[in-house]
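So the structure is just underneath, and the comments pick up after that.
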Amino acid sequence: MSKRTSRKSMDYIKEEYIKTRTMPANWYLSSYKFKFNITHMQPFLEKLKQKKLVGLQCSSCNRIYFPPRQVCGKCLVKPDRWVDLRETGKVASYTVTYLKDPETGKVIERPIVCAQLDGADTSYPTQLNPDIEFKDTYIGMPIKIHWAEDIQGGLMDIEYFDAIEDDAKDLNKTK
Ligand SMILES: [Zn+2]
């Protein structure tokens, strides 16, 4: 018997609690205010303004986060070391999206990729050059940043990724 089935067959024991008090009430989720702290991203955003890329490294596990994260998902400590990154990377994973062309009404098949920059340990969802078709996209595809014309110091400064030459000749399988 596998571990999984044995775990599944275990009976779930629900603890009984004595109900102390019940009150009729409503819970308005819309009344909550959420704050997204981006102070840890300031050096990253400043660098983007100069078309430079930095990742945030965790000094505990050496993981490099791009985009930077406030807390290392592995060690639960604050990554605190900025490291320079290149404009190149690879497609870590991808999927397809179907968008309707507003003019022709035709459905367009477009890839959405998770791009991992060279030197970074994480990837983030972004777009490829609109000329690249879904069928031509693959995991490990070498890519390079295409900067937006109007640089504002935000992740949108990276408009999309261009495909660059794949020199991994061993991947070209002969038919
Ligand atoms: Zn860590």
| query | For the residue pair Glu109 and Tyr12, what label-to-label distance in nm results when each label sits 7 Å from Cα along the Cα-to-beta-carbon direction? | reply | 4.1
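Please give me, ordered by residue number, the trypsin sites (Lys or Arg not before Pro) of region 27-86 that lie in loop per DSSP and have at most 16 other Cβ atoms within 10 Å.
Values: sites: Lys33, Lys35, Lys47, Lys49, Lys51, Lys52, Arg63, Arg69, Lys74, Arg81, Arg86; in loops: Lys33, Lys35, Lys51, Lys52, Arg63, Arg69, Lys74, Arg86.
Passing sites in region 27-86 are Lys33, Lys35, Lys51, Lys52, Lys74, Arg86.
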| query | What 222 nm value per residue comes from the helices of the chain, counting each DSSP H run with n ≥ 4 as -39,500 (n - 2.57) and dividing by all residues, nearest 500 deg cm²/dmol? | reply | -2000 deg cm²/dmol
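Which whole-number percentage describes the relative contact order of region 39-167, with Cα contacts under 8 Å and a sequence gap of 6 or more? If you can, show how the numbers build up before the last one.
Numbers: 278 pairs, mean separation 30.0, N = 129.
It comes to 23 percent, rounded to a whole number.
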| query | How high is the relative contact order of region 1-101, in percent, with contacts defined as C-alpha pairs under 8 Å that are six or more residues apart? | reply | 18
| Dipole of region 39-167, Cα-centred, from +1 at each Lys and Arg C-beta and -1 at each Asp and Glu C-beta, to the nearest 20 debye? | 760
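For a quick check of your reading of the filter: which chymotrypsin sites (Phe, Trp or Tyr not before Pro) in region 12-91 sit in a DSSP loop and have no more than 14 other Cβ atoms within 10 Å? Could you put the intermediate results ahead of the total?
Working: sites: Tyr12, Tyr17, Trp27, Tyr28, Tyr32, Phe34, Phe36, Phe44, Tyr65, Trp82; in loops: Tyr12, Tyr17, Trp27, Tyr28, Tyr32, Phe34, Phe36.
Taking region 12-91 and a limit of 14 other Cβ atoms within 10 Å, the loop chymotrypsin sites (Phe, Trp or Tyr not before Pro) found are Tyr12, Tyr17, Trp27, Tyr28, Tyr32, Phe34, Phe36.
Counting other C-beta atoms within 10 Å, and keeping those with at most 11, which DSSP coil trypsin sites (Lys or Arg not before Pro) do you find in region 94-139? Don't skip to the end; give the middle numbers.
Working: sites: Lys100, Lys106, Lys135; in loops: Lys106.
Taking region 94-139 and a limit of 11 other Cβ atoms within 10 Å, the loop trypsin sites (Lys or Arg not before Pro) found are Lys106.
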| Fraction of accessible area attributable to carbon and sulfur, the chain (%, probe 1.4 Å) | 52
| Å² per residue, accessible surface of region 39-167 at 1.4 Å | 60
| remark: Taking max minus min of the Cα coordinates of region 39-167 on each principal axis, largest first, gives extents in Å of 50, 29, 28
| Hey, in the GNM for the chain with a 10 angstrom Cα cutoff, which one of Ser93, Ser30, Ser123 fluctuates hardest? | Ser30
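The values are calculated or read from the model by the stated rules, or taken from the named source; none is laboratory data. No experiment lies behind these values; they were computed from the predicted model shown. So basically every Cβ, Gly included, is an ideal-geometry build from the backbone, and we count neighbours across all protein chains shown. Only protein heavy atoms, including side chains, enter the accessible area calculation; ligands, DNA and RNA are left aside. Shrake-Rupley method; radii C 1.70, N 1.55, O 1.52, S 1.80 Å.
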